[in-house]
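None of the figures in this text is laboratory data; all of them are computed from the coordinates on show. What you see is a predicted model; the values in this text were computed from it and never measured. Backbone-built Cβ (ideal geometry, glycine too); neighbour counts: all protein chains shown.
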Amino acid sequence: MSFGKMPIANSFIKKNNFKKQFFYNMEAGFCKNCSTFQLIKVPKAKMMFNENYAYLASTSKFMKKHWNQLSNNIIKNLKLNKKSFVVEVGSNDGIFLENISKKKINHLGIDASKNVCDIATSKGVNSLNAFFNVKTSKKIISKYGKADVIVCTNTMHHIEDINGVVEGMSELIKDTGTIITEDPSLKEMLNKNAYDQIYAEHMYIWSLSSMNFLFGKYGMEIYHIENNGNHGGCSRYFIAKKNVKKITSNVLTHKNLEKKLGINKISTFIKFKNKINFLKKKLRSTLINLKNKNKIIVGYGAPAKSSTILNFCDIDNRIIDKIFDNSTTKIGKYTPGKSLIRIENSDNFKKTKSDYCVLFAWNHKNEILSKEKSYSKKNGKWIVPVPKLKII
Ligand code: JHZ
């Protein structure tokens, strides 16, 4: 499945750097042996995860609450105490670990991007700026000992050297410990036609089948799974060493749902490809028609996902005037690739006149539409691009 030339999704750029952009050919494929849906080739990790990493997890109040709930659940259900050791791989700005740190539980966050690590440290989160792999895992064991819990949320899909990461986790986790991962789900990506989840940072879109295959290689298994609607639909996997924990009925139910959807069949992905090519044409022609009627079109949210939509659908600053976002790392910059749309502080959305607003952060629809209620009252219309084009 080819998407054409793409920029690095989170590389929002300054005006004087337009000509210095990096492009790669984005092609996705499905492997029948290990059931992974993945990009065929991705740029070097350092090009994506560095001191300029733009995604700040704490920009959403909803997500802050979500990770706070996860920490409370873990403390209660896995019976953690102050002597327990919690490790997070891909700790971003400390959105999850700050809850663990406040409870004075031993912890360590590891993140490859220095800017987000620094934010986490300033919140009192013990952080290490590094890529996680077998070498990092050994260093952590010799300094802190083995972990009771390893949390890795919205990160497993980022890592090209996924075998190195899982091997490192299998060494770092205690024999009775639990690894918890949470990522956008392949099942939901297919159900929702959420093709914008595909970009270099998301090298893999995981399913229960592919996760179990991967962890199985290192003597582990998924013993429990929970699903939620975040990021268009995520699965949370609970993983332990083989035969240590009882496998719950949720795992079997989910396995059957994946089978019913045909998650391990090439034909499923060919259908998906046809659907998204249709969505591309529909979004582009809708926006061009509105523009031809002299309508002012803006966008809300500049998620990494918007890079895929804009570049795949050939939408640029001649169609969309500006995009509003609340991330300090994005405001004042431009969307990457050919689109080059200016990002403005979302505080200015209310005072800016527009007729239509494309909700690129469609996964935060409830949070955004409730804080921008006045837009509809002023006859502004929201264009929601996924799961299917909807104007509200
Ligand atoms: P959001 C991220 O993807 C990045 P993205 C990453 N690659 C990943 O794995 C996935 O999450 C799962 C803005 N916003 O959360 C902030 C407002 O302006 O959909 C963000 O720029 N106002 C690590 O980037 C964007 O929208 C608001 O009220 O696709 C949302 O980005 C809210 C709620 C958000 O993630």
(request) Please list, in chain and number order, the residues 5+ apart from ILE173 or on another chain whose amide H is under 5 Å from its amide H, with Hs placed from the backbone. (result) ALA147
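Could you grab the relative contact order for the chain? Cα pairs under 8 Å, six or more apart, rounded to a whole percent.
Numbers: 775 pairs, mean separation 62.9, N = 392.
That works out to 16 percent.
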(message) List the trypsin sites (Lys or Arg not before Pro) within segment 245-327 that DSSP assigns to loop and that have no more than 12 neighbouring Cβ atoms inside 10 Å.
(response) LYS246, LYS293, ARG318
(request) Return, ordered by residue number, the residues of segment 285-327 whose backbone nitrogen is under 16 Å from a label point located 7 Å along Cα→Cβ of ASP355. (result) 285-299, 318-322
(request) Name the long-range amide H neighbours of TYR24: under 5 Å, sequence gap of 5 or more, or other chain; modelled H, no Pro or chain starts. (result) MET6
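Filter the cross-link list LYS14/LYS46; LYS61/LYS282; LYS123/LYS143; LYS61/LYS146 down to pairs whose alpha-carbon distance in this structure exceeds 29 Å. Let's see the in-between values first.
Details: LYS14/LYS46 19 Å; LYS61/LYS282 32 Å; LYS123/LYS143 22 Å; LYS61/LYS146 32 Å.
From the list (LYS14/LYS46; LYS61/LYS282; LYS123/LYS143; LYS61/LYS146), the Cα-Cα distance tops 29 Å for LYS61/LYS282; LYS61/LYS146.
Rounded to the nearest 0.05, what FRET efficiency do ASN25 and LEU389 give with R0 = 25 Å and r taken as the Cβ-Cβ distance? Could you check? Please report the intermediate quantities before stating the final value.
Working: r = 27 Å, r/R0 = 1.06.
Calculated transfer efficiency: 0.40.
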(request) Any aspartates and glutamates with Cα under 12 Å of the LYS64 Cα? List them, leaving off those in the same chain fewer than 8 positions away. (result) ASP93, GLU98
(message) Going through the cross-link list LYS32/LYS187; LYS19/LYS305; LYS333/LYS353; LYS135/LYS259, which pairs have a Cα-Cα distance over 26 Å in this structure?
(response) LYS135/LYS259
(message) Can you work out the Karplus-derived ³J(HN,Hα) for every residue in segment 165-179? Use 6.51 cos²θ - 1.76 cosθ + 1.60 with θ = phi - 60°, whole Hz, and x for glycine or proline.
(response) 5, 5, 5, x, 5, 5, 7, 6, 7, 5, 4, 9, x, 10, 9
(request) Give me the distance in nm between label points sitting 7 Å out from Cα along the Cα-to-Cβ direction at PHE62 and THR268, one decimal. (result) 2.6 nm
(request) Would you mind checking which residues have amide H under 5 Å from SER127's amide H? H placed 1.01 Å from N; only 5 or more apart, or other chain. (result) GLY109
(message) If I fit a long axis through the Cα atoms of helix 61-77 and take the longest principal axis of the Cα atoms of the chain, what angle between them do I get, 0 to 90°, rounded to 10?
(response) 10 degrees
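When the gyration tensor of the chain is built from Cα positions, what are the square roots of 5 times its three eigenvalues, in whole Å, from largest to smallest?
Working: eigenvalues 249, 114, 76 Å².
Three semi-axes, in Å: 35, 24, 20.
Mind running the shape call on segment 112-240? Use the C-alpha gyration tensor, a ≥ b ≥ c as the square roots of the eigenvalues: rounded below 1.5 for a/c, prolate if a/b tops b/c, oblate otherwise. Can you show the working numbers first?
Working: a/c = 1.86, a/b = 1.30, b/c = 1.43.
Verdict is oblate for segment 112-240.
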(request) For helix 266-292, report the angle its Cα long axis makes with the longest principal axis of the Cα atoms of the chain; keep it between 0 and 90° and round to the nearest 10°. (result) 30 degrees
(request) Output the relative contact order of segment 1-143, whole-number percent, from Cα pairs under 8 angstrom with separation of 6+ residues. (result) 17 percent
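Are there GluC sites (Glu not before Pro) in segment 1-100 that DSSP puts in a loop and that have at most 11 other Cβ atoms within 10 Å, and which ones?
On the way: sites: GLU27, GLU51, GLU88, GLU98; in loops: GLU51.
Answer by residue number: GLU51.
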(message) I'd like the Karplus ³J(HN,Hα) series for segment 183-189: coefficients 6.51, -1.76, 1.60, θ = phi - 60°, whole numbers in Hz, and an x wherever there's a Gly or Pro.
(response) 8, x, 9, 4, 4, 6, 4
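If you count, for each residue, the other Cβ atoms within 10 Å and average over each peptide, how do 7-13, 32-38, 168-174 line up from highest to lowest?
Details: 7-13: 23.4, 32-38: 16.3, 168-174: 20.9.
Sorting 7-13, 32-38, 168-174 by mean packing, highest first, produces 7-13, 168-174, 32-38.
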(request) Distance between Cα centroids, segment 313-392 to segment 1-59: provide it in whole Å. (result) 22 Å
(message) Rounded, prolate or oblate for segment 22-70? Axes are the square roots of the Cα gyration tensor eigenvalues, ordered a ≥ b ≥ c, and the cut-off for rounded is a/c under 1.5.
(response) oblate
(message) Please state the shape class of segment 43-88: rounded when a/c is under 1.5, otherwise prolate if a/b exceeds b/c and oblate if not, all from the C-alpha gyration tensor.
(response) oblate
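Given only helices, namely DSSP H runs of n ≥ 4 each adding -39500 (n - 2.57), what is the per-residue ellipticity at 222 nm of the chain, to the nearest 500 deg cm²/dmol?
Values: 13 runs with 134 residues, N = 392.
Computed ellipticity for the chain at 222 nm equals -10000 deg cm²/dmol.
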